[in-house]
Amino acid sequence: MSHELNLPLRFKGLNIPEISVLDLGCGTRSSAVSKQLRSMPFQHLVGVDASEEYLDIVRRVPHAAYTDYINYDVRVVDNIFKEPKHFDVAVILDVLEHFEKDHGEVFLTNLERLIRKRIIIWMPFGNTEGFFSLQSGVTSAQDLETHKSSWYPEDLRKMGYSVEVFKAFHKHLNPPADAGWCIKDLT
């Protein structure tokens with residue numbers, strides 16, 4: 001497995017069978033990184049997505065590791081879980097760029113109230129606004145799949161994240177966009 005897509009590496013130092021994970025914007029979880037998430041033996045894995053159709057698809061995946069699915073707008077997920085530090089880790093894979101930038105910043109700030117140990121983000125960097133990628137042909141989720149903001153490594157660093165950038169990772173975009181892992185330890 002290539003280093004850049006190695007999700008288990010981002011859990012280094014955590015005892016995977018003992019942690020609870022909140023997967024925000026879980027979608028259909030058909031990407032290479034998402035498949036890794038589904039195969040990890042977490043104590044508790046909750047997927048949240050605004051598309052019920054996406055959740056229906058991921059529910060049908062054999063041996064899915066999720067213990068629960070919630071149909072909800074992830075931007076305001078802190079409205080669902082009232083107990084502070086409810087989860088050990090939040091995983092956000094290819095999601096932030098689908099929010100308006102100010103909503104994404106508020107979302108990340110509010111998320112810290114729910115998470116005990118670590119926030120793990122995988123995302124594109126650079127100007128990707130307007131880019132659209134539809135998962136599994138679910139046309140009703142088109143608005144959810146449009147990139148509404150562009151993010152840069154410095155945006156996350158200013159918020160206290162360590163950022164690892166992979167240059168021109170998204171070669172299919174014109175111009176190619178970078179991608180990277182953004183990790184914030186909260187302990």
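Of all DSSP beta bridges located in the chain, what percent are antiparallel, nearest 5? Please list the in-between numbers first.
Values: 16 of 35 bridges.
Taking every DSSP beta bridge with both residues in the chain, the antiparallel ones total about 45 percent.
Taking amide H positions as placed in the peptide plane 1.01 Å from N, state which residues far from Ile70 in sequence (5 or more) or on other chains have amide H under 5 Å from it.
When sequence neighbours closer than 5 places are left aside, the close amide H contacts are Gly47, Val48, Asp49.
Which of rounded, prolate or oblate describes the range 1-91 when judged by the alpha-carbon gyration tensor and an a/c cut-off of 1.5?
Oblate, since a/c reaches 1.5 and b/c is not below a/b.
If each DSSP helix of 4+ residues adds -39,500 (n - 2.57) and the sum is divided by the residues in the chain, what number results at 222 nm, nearest 500 deg cm²/dmol?
After summing the helix terms and dividing by residue count, I get -5000 deg cm²/dmol.
Any chance you could run the full-extension gain for Ser162 through Arg59? It's 0.36 nm times the residue separation minus the Cα-Cα distance, nm to one decimal. Write down the numbers at each step before the final one.
Details: separation 103, 0.36 × 103 = 37.08 nm, distance 3.25 nm.
Stretched fully, the Ser162-Arg59 segment lengthens by 33.8 nm.
How would you classify the chain from its alpha-carbon gyration tensor, with a ≥ b ≥ c the square roots of the eigenvalues: rounded for a/c under 1.5, else prolate if a/b is greater than b/c, otherwise oblate?
It is rounded, given that a/c, with a ≥ b ≥ c, falls under 1.5.
Taking 0.36 nm per intervening residue step and subtracting the Cα-Cα distance, what contour gain separates Ser30 from Gln43 on full extension?
The Ser30-Gln43 span can extend by a further 2.5 nm.
In units of 2.2 N^0.38 Å, what is the alpha-carbon radius of gyration of the range 16-67?
1.03
Compare Arg118, Arg29, Arg60 in a GNM of the chain, Cα atoms joined below 10 Å, and give the one with the largest fluctuation.
In the Gaussian network model the winner is Arg60.
Projected onto the charge dipole of the chain (+1 at Lys/Arg Cβ, -1 at Asp/Glu Cβ, origin at the Cα centre), which of Thr146, Val91, Gly27 gives the Cα projection farthest towards the positive end?
Going by the Cα projections, it comes out as Val91.
Assuming a strict under-16 Å limit between Cα atoms, what lysine pair count do you get for the chain once near-sequence pairs (fewer than 8 apart, same chain) are dropped?
8
Compute the distance in nm between two label points, each set 7 Å from the Cα along the Cα-to-Cβ direction, one at Phe81 and one at Lys101.
Distance between the two pseudo-spin positions: 2.8 nm.
Where a number appears in this text, it was derived from the coordinates with a stated rule and is not lab data. Computed from a prediction, not measured in an experiment: that's the story for all the values here. Positions of Cβ are backbone-derived with ideal geometry, glycine not excepted, and every protein chain shown enters the neighbour counts.
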